[in-house]
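The values are calculated or read from the model by the stated rules, or taken from the named source; none is laboratory data. Owing to the predicted nature of the structure, the values given are computational and were not obtained by experimental measurement. In this analysis, Cβ positions are derived from the backbone assuming ideal geometry, glycine residues included, and neighbour counts consider all displayed protein chains. Quick note on the areas: whole protein, heavy atoms, side chains included, nothing else; ligands and nucleic acids left out. Shrake-Rupley method; radii C 1.70, N 1.55, O 1.52, S 1.80 Å.
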Amino acid sequence: MAVPTKKRATVADLIAIQDCDRLEIIGGEIVQKAMPSWRHARAETKYGEILAPFNRKAGGPRGPGGWWIATEVHVGYGDEIYCHDVAGWQRDRVAKMPDEFPVPIRPDWVCEIVSPKHEKQDFVTKPKTLLAAEVPYYWILHPEEQMLIVQRWTAKGYLTILSATAEQTVRAPPFDAIEIRVGDLFGDDED
């Protein structure tokens, strides 16, 4: 006797939900993202400030540019749809700002800000999907532990190329054109 299988959620199922802004499809199921803590929300806000020199056209006096960077953007990876905390696309590869729902183009960089009780998604589930999609860089920012982990795609799996704590100043690929004081990502501004 065949065991009935549960129908996998689709983009249409997600869109049919009136307020789907904080929903994702993970493992074929619609999952609500964790409600962000103050630290999580502050870190997400700080990304916009710190990476502003990149979130523009390339060249010019205001910084290196060359990226589309967005927070809370839904990206499709086959049957999976993730609402990334922060994601970026290089403009030399993606000339027009990706504004479809979900974005069908894989990002060049993703950052997930770890939320309590969602660690498995950020450290295990999502990296497997991003690896299969060949997302070049995956950052994990852990507000509770005050830690940044930078990983680079390789055919064998993600390779951790940088681990830093709030006290450190780093040049973290792919944004290594500038120095980032890791504590600033958590809102620990020196000034």
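The label-point distance for E49 and T165, in a model that sets each label 7 Å from Cα toward Cβ, rounds to 2.3 nm. Translational diffusion of segment 79-191 was estimated from the Stokes-Einstein equation, with Rh taken as the Kirkwood radius over Cα pairs; at 37 °C and 0.692 mPa s the coefficient is 221 µm²/s. Amide hydrogen proximity for K33: with H placed 1.01 Å from N in the peptide plane, the residues at 5 or more positions away or on another chain lying under 5 Å are L23, E24. Looking at segment 64-154, the accessible area is 42 square angstrom per residue; that uses a 1.4 Å probe and ignores ligands, DNA and RNA.
Over 31 Å apart at the Cα level, from the set K7/K117; K57/K120; K96/K126, are K57/K120. Using only the C-alpha atoms, the convex hull of the chain corresponds to 139 Å³ per residue. Of the residues T71, T129, ranked by 1.4 Å probe accessible area with the largest first, the sequence reads T71, T129. Taking a quarter of the surface of the Cα convex hull of segment 58-112 gives a mean projected area of 3.9 nm². Each stretch of four or more DSSP H residues adds -39500 (n - 2.57); spread over every residue of the chain, this sum gives -4000 deg cm²/dmol at 222 nm.
The slack between D99 and I17, meaning 0.36 nm per residue of separation minus the straight C-alpha distance, is 27.6 nm.
What the Cβ-Cβ distance of D92 and K117 gives, at R0 = 35 Å and to the nearest 0.05, is a FRET efficiency of 0.35. The 1.4 Å probe gives accessible areas that order R91, R39, largest first, as R39, R91.
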